[in-house]
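Rule-based calculations on the coordinates, nothing more; no lab input. In this text the structure is predicted, and so the values were computed from the model without any measurement. Note that we place each Cβ from the backbone using ideal geometry, even for glycine, and neighbour counts take in every protein chain shown.
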Amino acid sequence: MALDLKIFHLNQLGIPQERIAKRLDIPQKTLSNHSAKMPELAFWLNSDLTKGFSVPLVAEKHGWPEPLVWSQALQGIDDLSRFNSLYWDLQPWDVWDFKADNRFGDGNPEQISAQVIAHILYFFSLQNDLIFDPMAGSGVCADTCLAMNRRCWSFDMVDRPDIRPEIEPYYWDMEGNWEDMPILSAREKPDLIIWEPSWFEKNARGGPEKNISRLSKKDYLQFLETSFLFLKKHFKNKTRLAFINRDYRDYYDCPAYKEDPKKAILFVDYCKILKKTGWDVKYVVLVPLSSELFEGEHGKYMQEKGILATTGRHVIMSV
Ligand SMILES: C[S@@+](CC[C@H](N)C(=O)[O-])C[C@H]1O[C@@H](n2cnc3c(N)ncnc32)[C@H](O)[C@@H]1O
């Protein structure tokens, strides 16, 4: 991504200027010079949009990420009109069931669907609010914020400066030494945290060593407790937390009646930790994963053995 475009992208997400300069490793003065060129950068793109060219076409022609083009195409309209323009169905009930929308995030099938993020934003935030994604993964939250006109600050331990300049590298260490977290010293604290941490996978091998999914059950739960407390202490009284989780059960080759409940981490465990750390659970929405994985031969094997997999995920909304 060219420097001008990166600056435009980060500006559009409302990331503070000093963080943009640091992230892109440029002096503030260079940033100001480039910022002056922003209206011109958007002009030609907007002129193609007003001529009626579609968003994907304009994105391809100008070499912009599609979510950034959506942020321009949908300027000045309300949330419902945004849903309509993006062909998203607004589901005003407490089960949001969608497939991933490849226009947002990296398009991997495991990522949370942009529609789920858009629903959280629609029901629990206002345009221009500041959203915080502490472990951003594919960047679907920031991308959806562009389409929904929310500002968004994202972190992840995996750094992809060229493809995902908007996700700042930040490592949540296991000891809770997070006082250096850039968002703490920012002028403004987030209105809404959307957090989908890596799921507990029983000391998973594979994947980066420092990923929290590799912790033991005890350490994983301790990590959640310390981080919930930290967010409660450092953010606004009114900051909401949309915690997206999945139950862990050791079901992989085990019939349901033989599973050891002591190995599980369930929805109720997350709720208990939230309560203990001062978060008041207000709403719970089911956001199921696709069950496609369990179809075919694998599904047949599970049926015969009495294995009960998990496809349920929850958004636990707390204040
Ligand atoms: C489940 S993914 C987030 C998915 C994201 N919501 C999406 O749909 O793409 C969890 C992310 O947490 C990050 N992560 C895990 N442990 C971390 C740590 N200790 N510090 C920072 N990031 C971490 C991983 O790199 C991964 O990208």
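Summary of values
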quantity	calculated
Of L41, A256, L224, farthest towards positive along the dipole that unit charges on Lys, Arg, Asp, Glu beta carbons give the chain	L224
Given charges at beta-carbon only (K, R positive; D, E negative), |dipole| of the chain in Debye	780 debye
Rounded to whole Hz, the Karplus (6.51, -1.76, 1.60) HN-Hα couplings of the stretch 252-265, x for glycine and proline	3, 10, 10, x, 4, 5, 9, 4, 8, x, 5, 7, 7, 10
Set K210/K232; K189/K272; K37/K238; K263/K305; K37/K99; K29/K210 screened for pairs whose C-alpha atoms are more than 30 Å apart	K37/K238; K37/K99; K29/K210
Rounded if a/c under 1.5, otherwise prolate or oblate - the chain, Cα gyration tensor axes	prolate
The chain - percent relative contact order, Cα under 8 Å, separation 6 or more	15 percent
Gaussian network model of the chain, springs between alpha carbon atoms under 10 Å - residue of C254, C141, C152 with greatest fluctuation	C254
Separation between Cα centres of the stretch 245-312 and the stretch 32-56, rounded to whole Å	46 Å
Exposure proxy ranking, count of Cβ atoms within 10 Å, fewest first, for S85, S198, S185	S185, S85, S198
Leading residue at positive end of dipole, the stretch 74-184 (Cβ point charges), from G76, W153, M135	G76
Cysteines not pairable in the chain (beta carbon separation under 4.7 Å absent)	C141, C254, C271
Exposure proxy ranking, count of Cβ atoms within 10 Å, fewest first, for H298, H314	H298, H314
Electrostatic dipole magnitude of the stretch 1-73 [Cβ: Lys, Arg +1; Asp, Glu -1; Cα centre; debye, to 20]	200 debye
